[in-house]
Amino acid sequence: MYVAVKGGERAIENAHAWLAEERRGSKEVSELSLAQIREQLSLAVNRVMAEGSLYDPDLAALAIKQSRGDLIEAIFLIRAYRTTLPRFGCSKPVETGKMACDRRISATFKDAPGGQVLGPTFDYTHRLLDFKLAADGEVPEAAVAEPRREATPHITEFLQGEDIIEREPFSDAEPGDLTREPMSFPAGRAVRLQSLARGDEGFILGMAYSTQRGYARNHAFVGELRIGCVPVEMEIPELGFAIEIGEVELTECETVNQFKGSKTVPPQFTRGYGLVFGQSERKSIAMALVDRALRWEELGEDNVGAAAQDEEFVLSHADNIQATGFLEHIKLPHYVDFQSELELVRKLRREAEELAQTLAAREAAE
Amino acid sequence: MSDYNFAYLDEQTKRMIRRAILKGLAVPGYQVPFASREMPMPYGWGTGGVQVSAATLTPDDTLKVIDQGADDTTNAVSIRKFFEKTAGVSTTEVTEKASVIQTRHRIPEAALSEDQILVYQVPIPEPLRFLEPRETETRKMHALQEYGLMHVKLYEDISQHGAIATAYAYPVKVEGRYVMDPSPIPKFDNPKMEMAAIQLFGAGREQRIYALPPYTKVVSLDFEDYPFEASKADHPCDLCGAEDSYLDEVILDDAGSRMFVCSDTDYCRSRRDAGHIGRMGELAA
């Protein structure tokens, strides 16, 4: 006799126990500490913070450990935690012009005040597996330079001095927040940037790459890429002034793009902007390119029908937690719907066969 | 679990969701945007339904959770456990005893009453989505009641297949106004939507809530000469003998022999308890 499958609850518990065991791996290998993840897998930590929209390296490290290194799963853990946190208020805008830069490069000028600072970059490493690292990860100390005391000005400021790049309109308006308000279109640039900043790195990269290959091409120069720490300040109503509540590491990318000018605007350079938590160069450059592509309408450019120009398309599909959830949910039971399709296909086939037989019989009779 | 608020969501969020629910009830079939939260289960696992249930539950409620009509499917078990843990509400598998029922893909066979709320998990709330992918466009189409495209789609089905080739998530028109997606329930369930209970629909990822007040007129779209037909497998249940319930088809052996059983496990159990026996059933102990 058929007995309906029971025991879903025990199956789930057993699955969780096995999962925990798999996460731990062989017990002959010592357990990974959060500090090890935070310090030695810091770029993974950065990505989890950026796409999780929560700046907390220790929690990100915990999420990476818990998720067995599946970063989208880790981002999901952070998002689900983040949404339970109370929101006390919002900080003042961070001053990236006052960033203590670890890295700062410009592709548009050979040199500029503040200099070209390579910082800890993979850029000129030869991608040869370092087999020595397998045995011994100790490194000699890197050279240390005297830190720069004065602020490092943005490269685009020099172009702005010449009035040859578009001016960013100043606004004190409170930007939208897609974690508090449902997304609607047109979203506006602030919400767009928020969405791109927390969007999937791979998706944003692919979108940006498509613009480079001619789908809404708008050649971008990296005017500047800077990585470093900025203080976060918040106005405390009881005090009546702003105090520093912490420091975050950011990667900022400003692109300088070609623009021919339009009926109303003289020829000038335009901008794309990327800002991401942590050291996330690829993401911030990609974000700047996609931001620029999405600005076609406000700059009076043609919509050539490219995916990267389509705000609704880009923003609706950039979030990897939404995407992976919907994608993976198709593994959940769908047998009720499948049953209804089965019945339908069987019925349609039956009717088609009957029709064929009737026609054949008629032909034979004639 | 004292770390979290009753039913997990904070009161502000619940208030926001309740406002969306009330608006949905006031404009039946209209999709109300709401600021859906990230839940501790993935999008696609019922985050919309869970948020609606969380905003609806009170400590005195009795909750039932079904997936594919069954209380013991893994995700139903998981969601029921979530509310047992975060809300401490009592739960039941008995349809009549539940005050809130969260469902995925089915409407229970037993008629629901005025003091019950049925919460649906919705993947794609927009019935026009696969005809027009842009939200900016579909919102306009709803505003203007521009539903011609949907009728053309149904007509094309008939011209190609001789029948409307939609077996689940079969579109309905609500109170003669909004075309609505009933969520992916089999079309067998569509006629049940004119019911005494409140029906709430939550789509988490798509950030939409919509609702049907009790006794709302819900009409499955069709043509005079091709009327809507609620269909099911042409068998009685092999366990309880029911002729009127939606059936799952189960493959029994390598030779491909089949049996058909009620998808609504509670309905099947209650019938067997009452002494009904199907072809392969046994008397309940």
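None of the figures in this text is laboratory data; all of them are computed from the coordinates on show. Predicted model, so just to flag it, every value in this text is computed and none were measured. Note: ideal-geometry Cβ built from the backbone for every residue, glycine included; neighbour counts use all protein chains shown.
When you look at the Cβ of every residue in B:31-43, what mean number of other chain Cβ atoms sits within 10 Å?
6
Contour minus end-to-end for A:ARG213 and A:SER30, with contour as 0.36 nm per residue of separation and end-to-end as the Cα-Cα distance?
Stretched out fully, the A:ARG213 to A:SER30 stretch lengthens by 61.2 nm.
To one decimal place, what orientation-averaged projected area in nm² is obtained for the convex hull of the Cα set of the stretch A:289-339?
5.1 nm²
What distance in nm lies between label points placed 7 Å from Cα along the C-beta direction at A:GLU141 and A:ALA190?
So the two model labels end up 4.6 nm from each other.
As a quick test, which of the pairs B:LYS14/B:LYS217; A:LYS347/B:LYS153; B:LYS85/B:LYS217; A:LYS110/A:LYS132; B:LYS81/B:LYS217 have an alpha carbon distance above 31 angstrom in this structure?
Beyond 31 Å between Cα atoms: B:LYS85/B:LYS217; A:LYS110/A:LYS132; B:LYS81/B:LYS217.
When DSSP assigns beta bridges and you keep just the ones with both residues in chain A, what percent turn out antiparallel, to the nearest 5?
Among the beta bridges of chain A, antiparallel pairing accounts for roughly 95 percent.
Pull out the extension gain between B:ARG129 and B:ALA26, defined as 0.36 nm times the separation in residues minus the alpha carbon to alpha carbon distance; nm, one decimal.
Using 0.36 nm per residue and subtracting the Cα-Cα distance, I get 34.7 nm.
Roughly what percent of Cα-Cα pairs across the stretch A:151-261 reach past 17 Å?
Here the long-distance tail beyond 17 Å is 73 percent of all Cα pairs in the stretch A:151-261.
Ranked highest first by average number of other Cβ atoms within 10 Å, how do A:274-282, A:181-189, A:138-146 line up?
A:274-282, A:181-189, A:138-146
Provide the gained length on full extension for the span A:LEU327 to A:LEU118, in nm with one decimal, where the gain is 0.36 nm per separating residue minus the Cα-Cα distance.
71.3 nm
Among A:232-239, A:211-218, B:164-171, A:248-255, how do they line up from the highest to the lowest mean number of other beta-carbon atoms within 10 Å?
The densest-packed peptide leads the list: A:248-255, B:164-171, A:211-218, A:232-239.
Quick one: in the protein assembly as shown, what % of C-alpha pairs are over 38 Å apart?
46 percent
Only Cα pairs under 8 Å and at least 6 apart count here; give the relative contact order of the stretch B:162-250 as a rounded whole percent.
26 percent
Between beta-carbons, use under 13 Å as the cut-off and find the net charge around A:ILE105, counting Lys and Arg +1, Asp and Glu -1.
Around A:ILE105, the charge tally is -3.
Could you tell me which of A:PHE185, A:GLY305, A:PRO113 has its Cα farthest along the dipole of the protein assembly as shown towards the positive end, charges placed at Cβ (Lys, Arg +1; Asp, Glu -1), taken about the Cα centre?
A:PRO113
Along its principal axes, what span do the Cα atoms of the stretch A:9-82 show, with the longest given first and each in whole Å?
36, 30, 14
Which angle from 0 to 90°, rounded to the nearest 10, does the C-alpha axis of helix A:281-294 make with the longest principal axis of chain A?
80 degrees
Using the count of nearby Cβ atoms within 10 Å as a rough guide to exposure, how do B:PHE82, A:PHE170 rank from fewest to most?
Result, fewest neighbours first: A:PHE170, B:PHE82.
Over all alpha-carbon pairs of the stretch B:63-104, lay out the pair-distance distribution in 5 Å bins, whole %, shortest bin first.
Spelled out per bin, shortest first, that is 6, 29, 37, 23, 5.
Relative contact order (percent) for the stretch A:101-200, with alpha-carbon contacts under 8 angstrom and 6 or more residues of separation?
The value is 19 percent.
Between B:ILE158 and A:THR264, take the C-beta separation as r, use R0 = 60 Å, and let me know the FRET efficiency to the nearest 0.05.
Calculated transfer efficiency: 0.70.
Where the convex hull is taken over the Cα atoms of chain A, what is its projected area averaged over directions, in nm²?
33.7 nm²
Can you compute the FRET efficiency between A:ILE245 and A:LEU355 using 1/(1 + (r/R0)^6), with r the Cβ-Cβ distance and R0 = 60 Å? Round to the nearest 0.05.
0.20
Suppose every K and R has +1 on its Cβ and every D and E has -1 on its Cβ; what is the size of the dipole of the protein assembly as shown about the Cα centre, in Debye to the nearest 20?
Value, rounded to 20: 440 debye.
Taking beta carbons within 10 Å but only from partner chains, what does the mean come to for residues B:5-11?
1
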